[in-house]
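The values are calculated or read from the model by the stated rules, or taken from the named source; none is laboratory data. Bear in mind that the values here come from a model prediction, so they are computed numbers and not experimental data. Note: ideal-geometry Cβ built from the backbone for every residue, glycine included; neighbour counts use all protein chains shown.
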Amino acid sequence: MSFEEFFEEFKEELSKDFRRDRYLQCVILRSKKAIGTIYAYGVNRTDGYAFITVYVISDHERRGCGVEAFALFLLYLFQELSLYKVYVEVYSYNKHSLSCLKNAGFVEEGRFRGHRLYNKKRHDLVRLTFFRDELPRLEKFVERCLTKKK
């Protein structure tokens, strides 16, 4: 498949996502190269919550980019939408992500047992939540990231 064909297929898929429930999607850049994407969906303004998904291409040179993009995006959503909480879902075999999210202040709010078949084994889908009252902690992290970049 050529790049043009891939890009057209991507645009069509993205358009369908926005018609369904996508709120905002951003490309994560480092040194003017696209290294991933992050998006919010399932926004419920009445109850004050949204879901976030992040995908970063795995590469040792890009370590930390996903965390920084995630923190900035999370902060933006809380400020822009006056949310009460934000959800993220992670499969139980992704121990590194689960650990990072819990260390960042996310708490497990739900678990869907055996939700995914991976490597011939059933794994849980873990729903984690970040609450508005944890924002001061997040703001300090973002401030440190921005100061580090100067």
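Some points to look at:
- Flag for Phe7 being among the aromatic types (Phe, Trp, Tyr) and modelled with pLDDT under 90: yes
- Near pairs, Cβ below 8 angstrom, 6+ apart or cross-chain, from region 97-113 (in a strand (DSSP E or B)) to any residue that is surrounded by 15 or more Cβ atoms within 10 Å (Cβ to Cβ) and of a type in the set (D, E, K, R): Glu108/Arg127; Glu109/Arg127; Gly110/Arg127; Arg111/Asp124; Arg111/Arg127; Phe112/Asp124; Phe112/Arg127; Arg113/Asp124
Every residue, every condition in (1) over 21 Å from Ala69 (Cβ atoms); (2) under 12 Å from the mean Cα position of the chain (by Cα), yes or no:
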{"residue": "Ser97", "(1), (2)": "no, yes"}
{"residue": "Ala104", "(1), (2)": "no, no"}
{"residue": "Phe112", "(1), (2)": "yes, no"}
{"residue": "Tyr118", "(1), (2)": "yes, no"}
{"residue": "Asp124", "(1), (2)": "yes, no"}
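- Residue check, Asn94 among the polar types (S, T, N, Q), surrounded by 13 or more Cβ atoms within 10 Å (Cβ to Cβ) and modelled with pLDDT under 95: yes
Here is a yes/no grid of residues against (1) exposed (fewer than 11 other Cβ atoms within 10 Å of the Cβ); (2) modelled with pLDDT of 95 or more; (3) aliphatic (A, V, I, L, M); (4) farther than 18 Å from Leu24 by Cβ:
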| position | (1), (2), (3), (4) |
| --- | --- |
| Cys65 | no, no, no, yes |
| Lys102 | no, no, no, yes |
| Gly114 | no, yes, no, yes |
| Asp133 | yes, no, no, yes |
| Arg137 | no, no, no, yes |
| Thr147 | yes, no, no, yes |
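- Test: residue in region 16-34 that is loosely packed, with under 12 Cβ neighbours inside 10 Å, aromatic (Phe, Trp, Tyr) and either at pLDDT 75 or above or assigned to a helix (DSSP H, G or I) (or both): no
- A single entry from Tyr55, Tyr87 fulfils the requirement of being at pLDDT below 90 and either part of a strand (DSSP E or B) or more than 28 Å from Ala34 (Cα to Cα) (or both): Tyr55.
- Criterion violated by Phe73 - all others in (1) part of a helix (DSSP H, G or I); (2) surrounded by fewer than 16 Cβ atoms within 10 Å (Cβ to Cβ); (3) not β-branched (Val, Ile, Thr) satisfied: (2)
- Subset tally (residues that are on the phi > 0 side of the Ramachandran plot and basic (Lys, Arg)) for region 73-97: 0
- Residues located in region 83-95, provided they are among the hydrophobic types (A, V, I, L, M, F, W, C), over 20 Å from Tyr118 (Cα atoms) and within 14 Å of the chain's Cα centre (by Cα): Val86
- Candidate set from region 35-48 (those that are of a type in the set (Val, Ile, Thr) and at pLDDT 85 or above); member that is farthest from Gly66 (Cα to Cα): Thr46
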